Amino acid sequence: MPFKLRESSDNYYELVVSEPLDREKVPEYDITFTVTDRGSPPLSDNETMTLELLDVNDNVPQFPQSFYTIRVMENNAPGALLSSLTAFDPDLHENQYLVYFILEKEIANTSMSMLFSINPENGNLYALKTFDYEIEKEFLFHIEARDSGSPPLSSNVTVHIIIVDQNDNAPVIVSPWRAHGSVVEEKIPRSTDKGSLVAKVIALDTDSVHNSRITYQFLQVTDATLFSLDQYNGEIRTMRMFSYRDPRHQRLVVVAKDNGEPALSATVTIKLSTVETVVKAYSDMTEVPLEYDIFSDLNLYLVIGLGSVSFLLLITILVTIVLKCQKPKPSKAAPPCRNSVISERNSTIADSTLVSNDAYWYSLFLAETRKGKLVVRQPVPKGSRYIVSSLPRGTGLTDTSDSAASTLQVGAQCSRVSILLRVAIRTFYFTIKTFQDYKSFTV
C-alpha cells in the first residue's frame with residue numbers, strides 16, 4: 001500500500017502517503033489499523049478506515065485510434081450518418097464530459113463545416129451535401145475532443161473521407177465525331193487491302209478506373225465476314241478484300257460498354273461507302289503541318305538584292321536615254337540626190353513605199369536597210385501623207401541624206417531604249433510590291 005505510519009509523539013501516529021496516488025487506477029483504499037499491547041498475553045484491537053481518492057483533471061480524452069478512414073458512396077443523401085467518433089476520458093464528473101467539433105479547414109474555398117457536421121455530445125459525423133466522385137474524390141480534416149475540466153484538456157484525430165465511385169456515367173463516343181443521333185459516313189476505296197484500317201471508335205468514361213474500362217463490339221453489321229473490331233482499342237479493319245458481290249454501302253453499329261455494375265453503354269452507327277476512285281486509306285492519312293514561314297531571312301536578302309539591281313538598271317537606262325536621244329545638230333540643206341525616187345500612195349515602184357503608220361515605217365526602214373539602201377521619211381507640205389525615199393548606199397550621199405540617216409538611227413535606238421525602260425519599270429514595281437507583301441506578312 002502507498003501509505004505508512006509515522007510517529008508524531010508519544011502514542012500518536014499519523015498516516016502518510018509513501019507513493020503517488022492515482023484515482024484512475026485505485027479509486028479507494030480500505031486501511032485497517034491494529035493496536036497491540038505488551039502484556040502477557042498481549043491484547044490487541046483493530047479499526048478499518050476507507051480512504052476514497054478525489055479526482056483531478058489529469059487525463060486527456062483518448063480516441064480508440066489516431067487515424068480514421070471512412071468510405072462514403074457517392075450520390076449519398078444529405079444528412080447521412082458517416083461514422084461515430086467517440087473518445088474516452090477516465091476522469092470523473094465534469095472532467096470527463098467531452099465536447100466534439102471539427103477543426104476548421106478550407107478546401108477549394110469551402111469550409112469543412114459546410115461539408116460535414118459532428119454532434120458535439122456523442123461525436124456522430126454527418127454529411128451535409130451529396131458528393132460526386134467525378135468532382136470530389138477525398139477529404140482530409142481533424143476532429144477534436146475537449147473535456148470540461150479546469151484547465152480543459154483535449155486531443156484530436158485525423159479523419160480521411162474517401163468518396164467511392166458509382167457507375168453513374170455512361171461512355172461518351174468522341175471519335176468518330178457526329179452530331180447527337182446522327183450517322184457517321186465514311187468513304188473507302190473498293191480496292192482496300194485485307195487488314196486495312198477503316199475507322200477507329202474511341203469512347204471515354206469519367207468514372208473510376210474500374211468502372212471506366214471500355215470494351216467494343218459489333219451490335220449490327222451488314223457482313224460479319226468483311227470487318228473485324230478490336231474489343232479493346234476500337235479499331236475496325238477489313239478481314240478480306242471487297243468483291244463484286246459485296247454491296248456498295250455497309251452499315252456498322254458499334255457499342256461501347258463500360259465495366260460497371262450494371263454496365264452502361266453508348267452506340268455509334270457508321271455508314272461505309274465504297275468508291276471506285278483512288279482514295280487514300282485511313283491508315284495512311286497523316287497530317288502535314290502548314291508552313292506558315294513563307295519568307296525566310298534568305299528570301300528577304302533576295303528581295304533586297306533584286307530591288308537594288310532593278311534600281312541600278314533603271315538609273316542606267318535613264319542615263320542612256322538622256323545621252324542617246326539628244327537631238328543631232330542640223331546640217332546644211334542640200335538638194336536631193338538624183339537617184340532618189342519619190343512615190344505617191346498608189347505608186348508601184350518596188351523600192352519606194354508610202355507610209356502612214358510609224359510602226360510600219362520602222363519595219364520598212366529595217367527591211368530597206370538590210371538591202372543596202374537608205375530610207376528617208378519626208379513630210380508632204382500640202383497633205384498629211386508621208387513620202388519615203390529609198391536611196392542606194394553605194395553612191396556618194398549628200399549631207400541631207402546623212403542627217404536623215406542619223407535621225408533614223410537615233411529613232412531606232414530610242415525605240416529600243418523605251419522597251420528596256422518599260423521592262424525595268426515593271427521589274428522595279430514587282431520588287432516594291434513583293435517587299436510590301438513581306439512587311440505586311442511579318443506584321
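The values are calculated or read from the model by the stated rules, or taken from the named source; none is laboratory data. This is a predicted model, so every value here is computed, not measured. All Cβ positions, even for glycine, are placed from backbone atoms using ideal geometry, and neighbour counts span all protein chains on display.
Would you check if residue 165 is of a type in the set (Asp, Glu), under 30 Å from residue 130 (Cα atoms) and at pLDDT 90 or above?
Yes.
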- Message: Can you tell me which condition residue 121 does not meet? The list is (1) over 30 Å from residue 53 (Cα atoms); (2) without any contact (Cβ under 8 Å) to a residue 24 or more places away in the chain; (3) not aromatic (Phe, Trp, Tyr), and all the others hold.
- Response: (1)
- Task: Check off (1) over 27 Å from residue 211 (Cα atoms); (2) crowded, with 16+ Cβ neighbours inside 10 Å; (3) under 39 Å from the mean Cα position of the chain (by Cα) for residue 111 and give me the number that stays unchecked.
- Result: (2)
- Message: Show the residue pairs meeting these rules: Cβ distance below 6 Å; 6+ apart or different chains; first residue within the stretch 60-74 and in contact (Cβ under 8 Å) with a residue 12 or more places away in the chain and outside any loop (DSSP other than H, G, I, E, B); second residue surrounded by 11 or more Cβ atoms within 10 Å (Cβ to Cβ) and polar (S, T, N, Q).
- Response: 67/158; 70/83
- From 104, 94, residue being surrounded by fewer than 19 Cβ atoms within 10 Å (Cβ to Cβ), out of contact with any Gly (no Cβ under 8 Å at 6 or more places or on another chain) and acidic (Asp, Glu): 104
- Message: Please pick out the residue among 244, 232 that is modelled with pLDDT of 90 or more, surrounded by fewer than 14 Cβ atoms within 10 Å (Cβ to Cβ) and assigned to a loop (DSSP other than H, G, I, E, B).
- Response: 232
- Pull up the stretch 247-268, narrow it to residues that are in a loop (DSSP other than H, G, I, E, B) and farther than 19 Å from residue 166 by Cβ, then point me to the one that is farthest from the chain's Cα centre (by Cα). 247
- Among (1) touching a residue at least 24 places away in the same chain (Cβ under 8 Å); (2) under 23 Å from residue 63 (Cα atoms); (3) within 46 Å of the chain's Cα centre (by Cα), which single condition is residue 147 missing? (3)
- Task: State all residues of the stretch 148-176 that are under 30 Å from residue 267 (Cα atoms), in contact with a Leu (Cβ under 8 Å, 6 or more places away or on another chain), surrounded by fewer than 17 Cβ atoms within 10 Å (Cβ to Cβ) and polar (S, T, N, Q); if no residue qualifies, say none.
- Result: none
- Quick one: which residue in 194, 187 is touching a residue at least 12 places away in the same chain (Cβ under 8 Å) and surrounded by fewer than 12 Cβ atoms within 10 Å (Cβ to Cβ)? 194
- Message: Among the numbered criteria (1) under 21 Å from residue 102 (Cβ atoms); (2) modelled with pLDDT under 90, which one does residue 49 miss?
- Response: (1)
- Message: over 22 Å from residue 164 (Cα atoms), in a loop (DSSP other than H, G, I, E, B) and among the polar types (S, T, N, Q): is that true of residue 48 in this structure?
- Response: no
- residue 225 is checked against (1) surrounded by 13 or more Cβ atoms within 10 Å (Cβ to Cβ); (2) under 15 Å from residue 242 (Cβ atoms) and fails just one. What number does that condition carry? (1)
- Message: Looking only at residues that are under 17 Å from residue 430 (Cβ atoms) and either among the small types (Gly, Ala, Ser) or part of a loop (DSSP other than H, G, I, E, B) (or both) in the stretch 295-329, which one is modelled with the lowest pLDDT?
- Response: 295
- Message: Quick check on this structure: which one of 279, 288 is in contact with a strand residue (DSSP E or B) (Cβ under 6 Å, 6 or more places away or on another chain), in a loop (DSSP other than H, G, I, E, B) and at pLDDT below 90?
- Response: 279
- Query: Take the residues of the stretch 114-135 that are buried (at least 16 other Cβ atoms within 10 Å of the Cβ) and hydroxyl-bearing (Ser, Thr, Tyr): which is modelled with the highest pLDDT?
  - Reply: 117
